[in-house]
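Enquirer: The structure is given below, and queries will be raised subsequently.
The values are calculated or read from the model by the stated rules, or taken from the named source; none is laboratory data. Nothing here was measured: the structure is a model prediction, and the numbers come from that model. Here Cβ is always computed from backbone atoms with ideal geometry, including for glycine, and neighbour counts include all displayed protein chains. Protein only, heavy atoms only, side chains kept; ligands, DNA and RNA dropped before computing areas. Shrake-Rupley method; radii C 1.70, N 1.55, O 1.52, S 1.80 Å.
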Amino acid sequence: MRTQGSGQLSLVALVFALGMSAVAQAAELPPWEPPTTEAEGQADAGPAESTGTEPQGEAKPVPQGEAKPVEAGPQPKVAPASGPANGGTANVRSLARDEVPPPPIDPNDAPFMRPPNNQIGTTPPRTRPDIRQGWSARRRFALTVAPTYAMLRLPFQGRTTGNNQVPRLHGAGVGAEFDVQAWRWIWVRAMGVYSGHPVGEERAQMDMEVVRTAPPGMIHVMSYGVGPVFALDLGRFLPLIEVGVAGLRVVTPTGGVTGQRGEACMANGACDVGLKCNSARICEVTTIGEMYLGLAVDLLVRRHLSFGAQFRYNVRFAELKSLNLTPGYLLGTLRLTVRF
């Protein structure tokens, strides 16, 4: 019984030893990957046949004391990436879970950010709340309508008072202006003004008789001109300085005294203010040349709308030659401007 038991233990020990040696040999084998192409499969099938003079099947003797070199087994091969070059048939090796791709070197390789930091947005960014101004600080064109107060101070025949004092004839009317921006703070303005001045009949005593020197009626005045306008932008307030040349047409009532409108010229060929002697020796309306200077302030209340006030000073060229700066036509207006 002892002999039979000891034999069984020896058999079990032998089987265990053989199993452990097989596991050790399997652990020492190099990794193996099936070939991906026919050429690689033939290359990995086995060592090429020897063509030397050494007989086949004979191993080269190894001197004692030297370790036998370990032959390198077949190395794993990485299949080329698929693409247009190989038709996309090769396998692509996937990255390991713990493998991180290298950071981009070229800044253009980085992913784009959303606008407006890295791209041009389709619409400008808006603020909340909206803090944009509600009026426009720039304009290309402007159209102005201005109710006007006018004062006419010209030496009309038969209307001068004692000591040749020129009377002040008050009236009212309307004006219009059209501005075009020529440069940042320089505009070109074309303007026109109409005003009416009511006058009464004037009488004087000559040689113990009372005679009429000027008829009653309405004096119609029209002024039109062009010139530059200089704008001093102070935000919502817009001061304006204008200069220019203009023409003045004065239509007086039809008179019954020599030298007045519709009557014969005087002996020296002179006529009343705003009239000239034609070829028929009759006084008719003509244009008086003058120069003007104006000051205005506009308040921008909306993007395309502004209100303001204006003062304009007109002097005839004839008065400038004698250095007389007394205004012949003085205007004060309230302005309503539409800008576009």
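Enquirer: Return the carbon/sulfur percentage of the accessible area of segment 287-328, one whole number, probe 1.4 Å, all protein chains in place.
Expert: Numbers: 1640 of 2340 Å².
Answer for segment 287-328: carbon and sulfur cover 70 percent of the accessible area.
Enquirer: For segment 163-203, run through the chymotrypsin sites (Phe, Trp or Tyr not before Pro) and keep only the ones in DSSP coil with at most 11 other Cβ atoms within 10 Å of their Cβ.
Expert: Filter output for segment 163-203: W183, W185.
Enquirer: Quickly rank 322-334, 303-315 as a protection proxy: mean count of other C-beta atoms within 10 Å, highest first.
Expert: Ranking, from highest mean packing down: 303-315, 322-334.
Enquirer: Oh, and also: How large is the convex hull of the Cα atoms of segment 230-306 per residue, expressed in Å³ as a whole number?
Expert: It comes to 128 Å³ per residue, whole-number rounded.
Enquirer: In what sequence, highest mean first, do 164-176, 242-254 appear when ranked by Cβ atoms within 10 angstrom?
Expert: So the order, starting with the most tightly packed, is 242-254, 164-176.
Enquirer: Mind checking the alpha-carbon convex hull of segment 136-254 and giving the volume per residue in Å³?
Expert: 118
Enquirer: Looking at segment 143-210, which GluC sites (Glu not before Pro) are DSSP coil and have at most 15 other C-beta atoms within 10 Å of their C-beta?
Expert: E201
Enquirer: Report Rg(Cα)/(2.2 N^0.38 Å) for segment 196-251, keeping two decimals.
Expert: 2.07
Enquirer: With a 1.4 Å probe and every protein chain kept in, tell me what percent of the accessible surface of segment 138-277 is carbon plus sulfur.
Expert: Here carbon and sulfur together make up 61 percent of the probe-accessible area.
Enquirer: Applying a 10 Å radius around every beta-carbon, put 232-238, 289-295, 270-276 in order of their mean neighbour count, most first.
Expert: Highest-to-lowest ranking by the protection proxy: 270-276, 289-295, 232-238.
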